[in-house]
Structures are given as structure tokens and as C-alpha cells.
Amino acid sequence: MLRWSAVAALLAILAAGLFANWIAPHGYADQDRESPNLSPSRQYPLGTDELGRDRFSRLLYGTRVSLLLAPAAAAISIAVAVALGGFTAYAGAGWARASSLVTDLMLSLPTILILLTVRAMLPLNVSALASIVITCVLIGALNYPPAARVIGAGVDALLKSDFILQARATGQSPGRILIRQLMPGIRPVLIAQFWLLVPVFVMAEANLSLLGLGVSEPMPSWGNLLRELENYSAIPERPWVLAPLGVLMVTVLCLYAILPSGEPA
Amino acid sequence: MALRFLAKHAVRLVLTVLIAGLLGAALVRIAPAFGVSEQELDPRLSREFVQGQRPEPVGILRYYGQFLYGVAHGDFGESPSLQRPIGELLRERLPVSLENLAFGAGAGIVLGFLCAMVAVVFRSPLARAVPVASSTVLLSLPSAALGLLFLLAGWPPAMALTAVVFPRVYRYSAAVLARSADASHVLAARARGVSPGRILCVHVLPGAAPQLLAIVGMAISLGFPALVPIEAVCDSPGVMQLALKAAMARDLPLLVVLTMVASVVVLIGNAAADISSDVLRRES
């Protein structure tokens, strides 16, 4: 019951983001230079930022970006982990050891520093859409090791099971074993890993964008909306600037925490 | 046996740092603007002159070899963006980050363990509800946002790190202690009327000590990278703030050295926790 309530609440929030074009009273980049830093009003439900952009509209569009980017990055991570897990399962002991060494190495290195290094190699002044794609691919591709470790262990256990041995004995090809026997067996692990990664990647995007290395302006995301915290001295007088975003983030991440087990975190 | 165990950890640490350095050096070497100087934008200089000024192209392995030779002699190279020796920057800033890590992660670990112990000893819903609720909220906020909130409250950056480390330590240690507290010998002690404090100190903690030490290692490996956004937003002059500045300025040589330094700190933390946890396990 709790899980379905969480799913319904998440879908409602995601729908608000997806239909931002219709729900939002203004575009995310529309500027009203005559009315910067306004308090909430009927025209601007959460007020305006220093460029006169409607905060409520930007929150809706930012929700869309953050809630789509994180699952996409998680899907990339899972795909890399499955490819590596599948590869090491079939490629022999030498390749398995090499792959395990690379995974160990990646786990030993601080991910955020690798992200910073790789992001610094790529152009910083790119279009908003390109910045979303770069952020998504980087977060997904560089954070695969924990998932690879779990999926690799799952594949390894399955490969030693009796039904795989029987499938091999009946002459099934490795491709068929992979698709018909392994994938259904490993699916619960993949789903659990996916739901565990999504909130982690929501946070990763928020951290990167807050630091100016993620989704670039004028496209809003939760991370670059949080950049308003930089003007922290004004926050106590104007709590509406970030309180709705904070509440939304905490709510969404708590809902994600409920999804895998159906229990509160 | 112990020597062999230590040597294995040391070899693993050195190999990981060397491979990380090689990857970093490869990134620097293949970066689009490697070997290009601002002089090339000067219209007064001829193309021949500028090309004459360019260093001879070197392969990745040779470049890495030169880099390692420099490191062995205490020369980490020079930061192109700050125009200062990287070794000097490290000497200035590493102590600040290590201090932040020691106080921030230390406080997070102590607080996490204390809350977990209180939850295990008292076993009341209230003893669990407060740390669970606070850790849920803290886990839902990016570390950079936590840094800014602590800055707003006028608290030091190390406390923001405490807020990052505490919820993770609490969750893992509460699970470990609860499992240890459910062991049959602990139940027997409880049935005989042994006091909760004595049960915790004499029966629960010794059983869970190896895992708790592993959690300390995890807290260090989690805490040091989390200092990147915290130091950046709190303007704390540590190496992690430098890492972000280096990324923004595309200063890859500096970033690579900082990645290696962070890896060494993280690996030493992990290795220390592994070794002490293994020693405890052998003794028990």
C-alpha cells in the first residue's frame, strides 16, 4: 500500500514536471526585467528571481529535468554494469580479473573528482540541451562500479545454478542462455539497483549543477535552482525562494527510498 | 602473516594510486589544449615563432614517467591557471581539508554511533524516530546545499561534513548493532537481568567492532570527496575547493594531482579500517 502511494505521489510530481509547458504560467527563460526579486503573488506564485523569471515555472521545468535526468543516468549505469557483468561471465578468468580490477580502481577513486576531471576536459560553454546530455552520460557512465559489483555477483551465482547447467547441457547458445535464462533471473537485481541509483543521481546532478558544472543556464534543474542559496543572506527574509524546492527534494528522495522495499527508509 | 597482510594493503594502495595517476596523466595528455599557451592568441607573434615555442610532443607513458620522476623529487609541476607550484598549493591547503575531515567526519562518526547505541539500548520508538527522521532529511539534501545552510547558520564547514557523514554512519551502525544485539548470547544476558549499559559494552560492541571499524573507513572515503562542494560553497581554503577551481579553469595537471591526493587519503582511511577490523576479527 505504502509503495503504491509512493508510486502515485512520484507519478503526480513527474507529471507536473512533464506537463510544465501547460501548467507553468510562464516559460522558464521568460524575463520580466521590470519586476525582479518579487514576493509571491497571483501572477508569480513563488515570486521572481533576480532576472525577473517566475520561480514557480522554473521549479516545474527544473523538476522535469532532474526527474528525467536521474533515471536516464541510472539506466546508463545499469546498462554498463550489465554489459560488463555479462562480458566477464563469458569472457574467461583473465578478462574477469581485469574487469574486477578496473571496477575496484573506480570504487577506490573519489567519483566526484573523476567527474570534475572529465567534465573539465569537455567544453563548459555548451547549449543547455548538450549540458543535460553531458551531465547524464557522465553521471551514468562513471558511477557504474557499485551496480557492476552487485550485478556481477548475481550473474556469477546464476551461472553456477543447476538450470543454467541444464540449459548448457541441452546445447543452448550463450546468447540464448543470456536472454532466456540469465536476464529473467537477474531482473529483480537490476530493478532494485535502478531504484537505488536514481536518488543518488538526483543528488549528483544537484551537486554538479550547484557547482556550475552540470545543467547550464537558462535551463533550470534542481541543482542550478539551488544556486540561489549563494545569495544566502537574503534567505531568512524570503523563505519562499528555496523552501518549496527543499521540501520537494526531500519528499521526492523519501518517496524513492520507499520504492525498492515498500517500507519507509 | 600480519606483515604479509600489511604488505598486501600497501601494494594495493600504491598500485591503485599509480594506475589512477596514469589515467589522470592520459586525460591531461589527450586534453584538447595540451601544450597550448595563451601566447598563441597574440596577433603580434608569427605562426612560426609560436610553433617554435611549443614543447616537443611526448607520449602518454613518457609524460607519466616524467611526472612520476618529478613527484619522487617533490615536484608536482605547476598549475597553469594559478601559475604556482602545485606542491606549494598542497602544502598550504591540504592541512585545512584534513582538519575539516578530522573534525567533520569524526563528529559525524561519533554522533552516528551514539545515536545507534541509544536506539539499541533503549529500543523505544522515540529513540529511533529522531535520528531516523533527521537522517532521512539530511540524506535528501545535496552536500553543497548543506554547506550553504550551515554557512547561513554561521557554523563551520566541518559541521556540514558532520551532517553528510552522520546519516550514513547512523544507518549502517544501527543495523550492525541491532544484529549484534539480537545474538543468542545477548538475549541470554538480557534474560538474566544484566544492565543495558553492561550488555552494550560487554556483549554488543565487541561483537560488532569489526563492522563498526569498516564503517569508520567508509565514513572517511565518503567524507573526503564530500568536501568538494562544502569547501567550495563555504569558501574554506582547502584542497577540495582548489579542485573545483581547477575544474572551472580546466587546470588538468592540478586536478590530476588532487585526484591522486584524494585517492591516497581515501585508500589510507579504508586500509586502516580494514587492517584494524581484521586484527579485531582474528583476536575474537
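Within the range A:204-225, the only residue that satisfies the criterion of being within 14 Å of A:L248 (Cβ to Cβ) and open to solvent by 10 Å² or more (accessible area, probe 1.4 Å) is A:L225.
Selection over the range B:119-152 of residues that are open to solvent by 60 Å² or more (accessible area, probe 1.4 Å) and out of contact with any Pro (no Cβ under 8 Å at 6 or more places or on another chain) gives a count of 7.
State whether one or more residues within the range A:38-59 are more than 14 Å from every other protein chain (Cβ to nearest Cβ), modelled with pLDDT under 85, touching a strand residue (DSSP E or B) at 6+ places or on another chain (Cβ under 7 Å) and not in a helix (DSSP H, G or I). The answer is yes; a qualifying residue exists. B:M260 meets each of the listed conditions (1) within 11 Å of another protein chain (Cβ to nearest Cβ); (2) open to solvent by less than 20 Å² (accessible area, probe 1.4 Å); (3) modelled with pLDDT under 85 apart from (2).
Name the residue, out of B:A208, B:A232, that is hydrophobic (A, V, I, L, M, F, W, C), in contact with a helix residue (DSSP H, G or I) (Cβ under 8 Å, 6 or more places away or on another chain), closer than 19 Å to B:L94 by Cβ and modelled with pLDDT of 80 or more.
Answer to the selection: B:A232.
Looking at A:G152, is it over 20 Å from the mean Cα position of the chain (by Cα) and either in a helix (DSSP H, G or I) or charged (D, E, K, R) (or both)? Yes, satisfied.
Here is a yes/no grid of residues against (1) aliphatic (A, V, I, L, M); (2) in contact with a His (Cβ under 8 Å, 6 or more places away or on another chain); (3) without any contact (Cβ under 8 Å) to a residue 40 or more places away in the chain; (4) within 25 Å of B:S140 (Cβ to Cβ):
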| site | (1), (2), (3), (4) |
| --- | --- |
| A:L46 | yes, no, no, yes |
| A:R55 | no, no, no, yes |
| A:L59 | yes, no, no, yes |
| A:L67 | yes, no, no, yes |
| A:A70 | yes, no, no, yes |
| A:V80 | yes, no, no, no |
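The set of residues in the range A:76-130 that are surrounded by 19 or more Cβ atoms within 10 Å (Cβ to Cβ), more than 13 Å from chain B (Cβ to nearest Cβ) and over 18 Å from the mean Cα position of the chain (by Cα) comprises A:L84, A:G85, A:T88, A:A89. Among residues of the range B:104-115 that are within 13 Å of B:Y172 (Cα to Cα), those with a beta-carbon under 7 Å from a residue that is open to solvent by 30 Å² or more (accessible area, probe 1.4 Å) and part of a helix (DSSP H, G or I) at least six positions away or on a different chain give the pairs B:I109/B:V216.
The values are calculated or read from the model by the stated rules, or taken from the named source; none is laboratory data. All figures in this text were calculated on a predicted structure; none of them were measured in a lab. Please note: Cβ atoms are built from the backbone with ideal geometry, for glycine as well, and neighbour counts cover all protein chains shown. Ligands, DNA and RNA are stripped out before the accessible areas are found, and what is left, the full protein with its side chains, is counted by its heavy atoms. Shrake-Rupley method; radii C 1.70, N 1.55, O 1.52, S 1.80 Å.
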